[in-house]
Amino acid sequence: MNVVLADNGACYYNIQGRAEGTSYNIIYQYEGNRDFRMDIENLLADFEKSLSVYDETSIISRVNRNEDIEVDDYFSHVFNKAKEISIQAEGTFDISAEPLFRAWGFSSEKKNIPDEEQIEKLKANIGMDKVWIDNKRVVKSAPNVLLNVNAIAKGYSADIVASYLEKQHCFDYLVEIGGEIRVKGCNTQGEAWKIGIDRPSENNPVPGQDLQVILQITDRGIATSGNYRQFYIENGKKVTHTINPATGYPAIHNLLSTTVIADDAITADAFATAFMVGGMDKALEWIEKSPELDALFICDEEGDYKVYYTSGIESNIVLE
């Protein structure tokens, strides 16, 4: 744990570690001398036992194996939120699309391009109307329905840690888990938190190394999704991980990166994925119906990066 003295003399604590197959970075201001690392790690470990597809003993893994198991509050909250956002985003966000990600090689080591027949067969078991919760148990319309909540879970875990910190009377904090962020209050300079948005270049593999935009923002959840790091080349074609559940194929448009700002990180996380699938025009249409959302888009326009953003965050942009 590192301790930083703020400009006003307050102590800010910084803890870092790993969870959910990724890294986390948490900064919080606390008047006492207390390290919350162990409590936070236990919290995140419990969360993984519910929703990590990489843990064979987790609730979601057991649900995917069609075992009879009661789901917990973490699972129920994420599932219900995913269903809600799937409806709002016209099915572009779908936690039951896991078979497609496996087929395209993004949830498995085998990478291949499935043919049309394979895709149509997989799509028969995909859709949030094919799975629901009844009496704390997941019910599926078919046993081959599989769930993966990686596109929403990290955001929710950031919210959970933020809630824990507030219960400890920490009201100035930054919680970042795998790039999904929840911020409140002020940083060590007494200002709103500064969040860097990476330049969406294939030659920019290290997060934070080359920034396109910096946002100065607080009391919000922030999530970024892009297709410039997770891709592979197959038979001379670039295959990105932004799969459209409706078509079964990777989304094709000039949108390279989307950053969503919402009241909480779980909402920002899910919509960032939906916006990448739907494209900027659809995203703006959905934002029009959800005034609590703002977004920043980075597009490829004939080889140049063009930044667009909603009016609600214009004053938050400090570097472009």
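Could you please tell me which pairs satisfy a Cβ distance under 7 Å, a separation of 6+ or placement on different chains, a first residue in the range 308-320 that is of a type in the set (Ser, Thr, Tyr), and a second residue that is in a helix (DSSP H, G or I)?
That search, which allows pairs on different chains as well, returns Tyr308/Met280; Thr310/Ile287.
Looking at (1) in contact with a helix residue (DSSP H, G or I) (Cβ under 9 Å, 6 or more places away or on another chain); (2) modelled with pLDDT of 95 or more; (3) surrounded by fewer than 21 Cβ atoms within 10 Å (Cβ to Cβ), which is the one condition that is false for Phe271?
(3)
If Ile133 passes every condition in (1) modelled with pLDDT of 95 or more; (2) out of contact with any helix residue (DSSP H, G or I) (no Cβ under 7 Å at 6 or more places or on another chain) but one, which one does it miss?
(2)
Where residues in the range 103-128 are more than 19 Å from Thr273 (Cβ to Cβ) and modelled with pLDDT of 90 or more, which of them is nearest to the chain's Cα centre (by Cα)?
Here the residue is Asn125.
How many residues, within the range 68-102, are in a helix (DSSP H, G or I) and at pLDDT 95 or above? Steps first, answer last, please.
Looking only at the range 68-102, we keep the residues that are in a helix (DSSP H, G or I), and these are 73-88, 98-102.
Those left that are additionally at pLDDT 95 or above: 73-88.
Result for the range 68-102: 16.
Only one of (1) in a helix (DSSP H, G or I); (2) touching a Lys or Arg at 6+ places or on another chain (Cβ under 9 Å); (3) surrounded by fewer than 17 Cβ atoms within 10 Å (Cβ to Cβ) fails for Ile152. Which number is that?
Only one criterion in (1) in a helix (DSSP H, G or I); (2) touching a Lys or Arg at 6+ places or on another chain (Cβ under 9 Å); (3) surrounded by fewer than 17 Cβ atoms within 10 Å (Cβ to Cβ) is unmet by Ile152, namely (3).
Among the residues of the range 15-71, write down those that are acidic (Asp, Glu) and surrounded by 12 or more Cβ atoms within 10 Å (Cβ to Cβ). Can you show your working first?
As a first pass, look at the range 15-71 and keep what is acidic (Asp, Glu): 20, 31, 35, 39, 41, 46, 48, 55-56, 67-68, 70.
Of everything in the range 15-71, those that are acidic (Asp, Glu) and surrounded by 12 or more Cβ atoms within 10 Å (Cβ to Cβ) turn out to be Glu20, Asp35, Asp39, Glu41, Asp46, Glu48, Asp55.
Out of the residues in the range 168-185 that are of a type in the set (A, V, I, L, M, F, W, C) and in contact (Cβ under 8 Å) with a residue 40 or more places away in the chain, which is surrounded by the fewest Cβ atoms within 10 Å (Cβ to Cβ)? Break it down stepwise before answering.
First, the residues of the range 168-185 that are of a type in the set (A, V, I, L, M, F, W, C): 170-171, 174-175, 177, 181, 183.
Now drop any that are not in contact (Cβ under 8 Å) with a residue 40 or more places away in the chain, which leaves 170-171, 174-175, 177, 181.
Values: Cys170: 22, Phe171: 14, Leu174: 23, Val175: 26, Ile177: 29, Ile181: 28.
Checked the range 168-185; the qualifying residue surrounded by the fewest Cβ atoms within 10 Å (Cβ to Cβ) is Phe171.
Answer yes or no: is there a residue in the range 193-212 that is touching a Gly at 6+ places or on another chain (Cβ under 9 Å), closer than 25 Å to Leu100 by Cβ and of a type in the set (S, T, N, Q).
Checking the range 193-212: not a single residue is touching a Gly at 6+ places or on another chain (Cβ under 9 Å), closer than 25 Å to Leu100 by Cβ and of a type in the set (S, T, N, Q).
Within the bounds of the range 279-289, is there any residue that is in contact with a helix residue (DSSP H, G or I) (Cβ under 7 Å, 6 or more places away or on another chain) and modelled with pLDDT of 90 or more?
Filtering the range 279-289 for residues in contact with a helix residue (DSSP H, G or I) (Cβ under 7 Å, 6 or more places away or on another chain) gives 283, 286.
Then drop every residue that is not modelled with pLDDT of 90 or more, which leaves 283, 286.
Yes, because at least one residue in the range 279-289 is in contact with a helix residue (DSSP H, G or I) (Cβ under 7 Å, 6 or more places away or on another chain) and modelled with pLDDT of 90 or more.
Being of a type outside the set (D, E, K, R) and free of Cβ contacts under 8 Å to residues at least 60 places away in the same chain is the filter; apply it to the range 279-294 and report the residue that is nearest to His253 (Cα to Cα). Step through it out loud before you land on a result.
Here is the first cut: in the range 279-294, the residues of a type outside the set (D, E, K, R) are 279-280, 283-284, 286-287, 290-291, 293.
Going one step further and asking which of them are free of Cβ contacts under 8 Å to residues at least 60 places away in the same chain, we end up with 279-280, 283-284, 287, 291, 293.
Details: Gly279: 7, Met280: 9, Ala283: 13, Leu284: 15, Ile287: 19, Pro291: 25, Leu293: 22 Å.
Per the criteria, the residue is Gly279.
If only one of Ser61, Ser50 is within 21 Å of Pro143 (Cβ to Cβ), small (Gly, Ala, Ser) and part of a helix (DSSP H, G or I), which one is it? So that I can check it myself, show each step before the final result.
Working: Ser50 fails: within 21 Å of Pro143 (Cβ to Cβ).
Unique residue meeting the criteria: Ser61.
Please state which one of Ile298, Ile287 is part of a strand (DSSP E or B) and among the aliphatic types (A, V, I, L, M). Walk me through it before giving the result.
Numbers: Ile287 fails: part of a strand (DSSP E or B).
One residue alone meets the criteria, Ile298.
Are any of the residues in the range 31-40 in contact with a strand residue (DSSP E or B) (Cβ under 7 Å, 6 or more places away or on another chain) and within 29 Å of Ala124 (Cβ to Cβ)?
Within the range 31-40, not a single residue is in contact with a strand residue (DSSP E or B) (Cβ under 7 Å, 6 or more places away or on another chain) and within 29 Å of Ala124 (Cβ to Cβ).
Only one of (1) of a type in the set (Val, Ile, Thr); (2) more than 30 Å from Asn227 (Cβ to Cβ); (3) part of a helix (DSSP H, G or I) is not met by Val4, so which one is it?
Unmet for Val4, out of (1) of a type in the set (Val, Ile, Thr); (2) more than 30 Å from Asn227 (Cβ to Cβ); (3) part of a helix (DSSP H, G or I): (3).
Take the residues of the range 250-264 that are buried (at least 17 other Cβ atoms within 10 Å of the Cβ) and assigned to a loop (DSSP other than H, G, I, E, B): which is modelled with the highest pLDDT? Step through it out loud before you land on a result.
At the first step, the residues of the range 250-264 found to be buried (at least 17 other Cβ atoms within 10 Å of the Cβ) are 250-251, 255-262, 264.
This time we only want the ones that are assigned to a loop (DSSP other than H, G, I, E, B), so: 251, 264.
On the way: Ala251: 84, Asp264: 98.
Going through the qualifying residues, I end up with Asp264.
The values are calculated or read from the model by the stated rules, or taken from the named source; none is laboratory data. On a predicted model such as this, the values are computed, not experimentally measured, just so you know. Cβ atoms come from the backbone with ideal geometry, glycine included; neighbour counts cover every protein chain shown.
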